[in-house]
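Report on the structure given below.
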Amino acid sequence: MSSTPIDAEPAPEQTGLADLSWPLRTDRLEIRPGREEDAAAIWTWYRLPEVQEWTTALPRSEAEHHERWVAQLTEAVVGLHEDEIIAVGKVARQDAWAQADVAAQARGRQAELGWVLDPAHQGQGLGTEFAAALLEIAFDGLDVRRVEASCFAANTASWRIMEKIGMRREGLFREDSLHRSGRWLDGLTYALLASEHYDPAAHEAPAYGLPVQEPGAAASD
Ligand SMILES: CC(C)(COP(=O)(O)OP(=O)(O)OC[C@H]1O[C@@H](n2cnc3c(N)ncnc32)[C@H](O)[C@@H]1OP(=O)(O)O)[C@@H](O)C(=O)NCCC(=O)NCCS
């Protein structure tokens, strides 16, 4: 069997969100890339304390929120329900880790997902519906080979979404994340490969011979 050395392969073409066909429709949502003028509508609920409990950024004013929104527009999507923006998501193309000589082939091959929902519309499965669409945008639209998502372990609603859309828990990190309350909290990372998404049966769990250690179980030596 012959194989092409990976450093002889051309780096894959990289589409962006703006290159895809929009809107994307799910049962209850219309999804499209974010626009600068969306900032004001999003701010009406994004500024609420129950939303900001878990968000990465804490804009202290609408102007700060606007500036931040505009800075991340290339990776932002919004979800509309009955013509109102009720969800904001991130599909951020990222470079995969690679050995230096093959770094060009790893560029942009994965995406990080994120989601935030208007509290007035939470608890109705819309977060899951939105996140499942983000997964499709990453795999089907951007053609990445892997997606990742991370959250505080205490943010049950967010990691439940990751599990409900088929992602695998790949890491529980003890007190790796500083919350703005001043507490060091555990973090979780989930991921999924495109190959697993499209053909789950074809994938076998890797067997590296690493023992699985349950929390609280001391390593024996
Ligand atoms: C995370 C978030 C998007 C979930 O949206 P949602 O529309 O309420 O989610 P869904 O209705 O699809 O529910 C998803 C799962 O989370 C669970 N869930 C929802 N709210 C919950 C809560 N407050 N506590 C525990 N579980 C919760 C649901 O029960 C469901 O799990 P189940 O099927 O096992 O019952 C929303 O809570 C949010 O925007 N939070 C603030 C911002 C945030 O945390 N973003 C993620 C940062 S990593």
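The values are calculated or read from the model by the stated rules, or taken from the named source; none is laboratory data. What you see is a predicted model, and the numbers here were worked out from it, not measured in a lab. Note that each Cβ is placed from the backbone with ideal geometry, even for glycine, and that neighbours are counted across all protein chains shown.
Data overview
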{"quantity": "Sole exception among (1) within 14 Å of the ligand (Cβ to nearest atom); (2) closer than 25 Å to Leu188 by Cα; (3) at pLDDT 95 or above for Ala106, by number", "calculated": "(1)"}
{"quantity": "Pairs where the first residue, in the range 26-48, is touching a residue at least 60 places away in the same chain (Cβ under 8 Å) and closer than 19 Å to Thr128 by Cα and the second is in a helix (DSSP H, G or I) and small (Gly, Ala, Ser), C-beta under 6 Å, 6+ apart", "calculated": "Thr26/Ala133; Ile31/Ala133"}
{"quantity": "Complete set of residues in the range 106-132 that are β-branched (Val, Ile, Thr) and in a strand (DSSP E or B)", "calculated": "Val116"}
{"quantity": "Conditions (1) outside any strand (DSSP E or B); (2) touching a Phe, Trp or Tyr at 6+ places or on another chain (Cβ under 6 Å); (3) not charged (D, E, K, R); number of the one not met by Gly89", "calculated": "(1)"}
{"quantity": "Pick from the range 53-68, criterion closer than 20 Å to Glu84 by Cβ and surrounded by 14 or more Cβ atoms within 10 Å (Cβ to Cβ), ranking: nearest to the ligand (Cβ to nearest atom)", "calculated": "His65"}
{"quantity": "Test for Gln94: is it more than 17 Å from Leu24 (Cβ to Cβ), surrounded by 14 or more Cβ atoms within 10 Å (Cβ to Cβ) and not aliphatic (A, V, I, L, M)", "calculated": "yes"}
{"quantity": "Residue within the range 66-73 that is assigned to a helix (DSSP H, G or I), at pLDDT 95 or above and more than 20 Å from Arg32 (Cβ to Cβ) present", "calculated": "yes"}
{"quantity": "Pairs, first near the ligand (Cβ under 7 Å from one of its atoms) in the range 118-139, second among the polar types (S, T, N, Q) and part of a helix (DSSP H, G or I), C-beta under 9 Å, six or more apart", "calculated": "Gly127/Ser158"}
{"quantity": "Ala87 vs. criteria within 14 Å of the ligand (Cβ to nearest atom), closer than 24 Å to Thr15 by Cβ and buried (at least 19 other Cβ atoms within 10 Å of the Cβ)", "calculated": "yes"}
{"quantity": "Residues within the range 149-187 that are surrounded by fewer than 21 Cβ atoms within 10 Å (Cβ to Cβ) and more than 9 Å from the ligand (Cβ to nearest atom), tallied", "calculated": "23"}
{"quantity": "Odd one out for Asp101 among (1) buried (at least 21 other Cβ atoms within 10 Å of the Cβ); (2) touching a residue at least 60 places away in the same chain (Cβ under 8 Å)", "calculated": "(1)"}
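Listed here are the residues, each with its yes/no results for (1) under 14 Å from the mean Cα position of the chain (by Cα); (2) of a type in the set (D, E, K, R); (3) assigned to a helix (DSSP H, G or I).
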position	(1), (2), (3)
Leu134	yes, no, yes
Asp143	no, yes, no
Ala149	yes, no, no
Gly166	yes, no, no
Arg169	yes, yes, no
